[in-house]
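A quick write-up on the structure given underneath.
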Amino acid sequence: MKNSSFYLILLLLLSGLSFSKELAPTEDRSKVEFFEKIYNQKIEGVKLFHDYPDPDTFYSDIAKRVGIPEIVYKAVEEKYGWKNDEKNFLALMIKGGGRSDDWGVMVTKFPSGLKNAKSKEETKKLLKDMEMKMVVVGYDGKVSFPEFKDE
């Protein structure tokens, strides 16, 4: 009786473990498969984690392939009216992956004239019109705009 109870418990534990592994994405966030399960899509063209010069480059590559920049561009246009046009251009710096369940994106709006500035003085003047905002995109797609108080 004791042996059969032991085997029954062992069988239940093993079946439960294998069942839960199939439902939950791997917690190894340094693997593309984690993000494929989260975003329910095949992600191609991303190298192995250790083939990147740093973790941020790996995660940024993943973010680009799952559409995070497009989500951010749309969000800042809706909230702030920012977009790439003849007056301004936007630059994104994406952070995420690792232990975080979201992507932090620093969006910087530069005046387009900066590309053709002819002097340091002109560059400095144009940089005064530069603006930065933080956008957070959760793995679930929820977008938020954290505000930081000036100290």
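Between residues in region 73-93 that are touching a residue at least 60 places away in the same chain (Cβ under 8 Å) and residues that are in a helix (DSSP H, G or I), which pairs lie under 9 Å by C-beta distance while being six or more apart or on different chains?
Partner pairs satisfying both residue conditions: none exist.
Does G67 count as in contact (Cβ under 8 Å) with a residue 40 or more places away in the chain and at positive phi?
no
Identify the single condition in (1) modelled with pLDDT of 95 or more; (2) more than 20 Å from the chain's Cα centre (by Cα) that Y7 does not satisfy, given that it satisfies every other one.
For Y7, the exception is condition (1).
Restricting to region 124-142, name every residue that is closer than 25 Å to P111 by Cβ and outside any helix (DSSP H, G or I).
Result: K128, D129, M130, E131, M132, K133, M134, V135.
The conditions are (1) within 16 Å of the chain's Cα centre (by Cα); (2) surrounded by 12 or more Cβ atoms within 10 Å (Cβ to Cβ); (3) of a type outside the set (F, W, Y), and M130 fails exactly one of them. Which is it?
(1)
Looking only at region 41-60, which residues are of a type outside the set (S, T, N, Q) and in a helix (DSSP H, G or I)?
Once the filter is applied, which keeps residues that are of a type outside the set (S, T, N, Q) and in a helix (DSSP H, G or I), region 41-60 yields F49, H50, D51, P55, D56, F58, Y59.
Are there any pairs, at least 6 apart or on different chains, whose C-beta atoms fall under 7 Å, with the first in region 37-50 and at pLDDT below 95 and the second assigned to a loop (DSSP other than H, G, I, E, B) and among the aromatic types (F, W, Y), and if so, which?
So the pair list comes out as I38/Y139.
Looking at S119, is it exposed (fewer than 12 other Cβ atoms within 10 Å of the Cβ), among the polar types (S, T, N, Q) and free of Cβ contacts under 8 Å to residues at least 40 places away in the same chain?
yes
Scan region 140-147 and give yes if some residue there is closer than 30 Å to E36 by Cβ, at pLDDT below 95 and surrounded by 10 or more Cβ atoms within 10 Å (Cβ to Cβ), otherwise no.
yes
What number of residues within region 109-123 satisfy the criterion of being part of a strand (DSSP E or B) and out of contact with any Asp or Glu (no Cβ under 7 Å at 6 or more places or on another chain)?
1
Output the number of residues of region 61-108 satisfying the condition of being part of a loop (DSSP other than H, G, I, E, B) and either more than 13 Å from the chain's Cα centre (by Cα) or modelled with pLDDT of 95 or more (or both).
9
The values are calculated or read from the model by the stated rules, or taken from the named source; none is laboratory data. In this text the structure is predicted, and so the values were computed from the model without any measurement. All Cβ positions, even for glycine, are placed from backbone atoms using ideal geometry, and neighbour counts span all protein chains on display.
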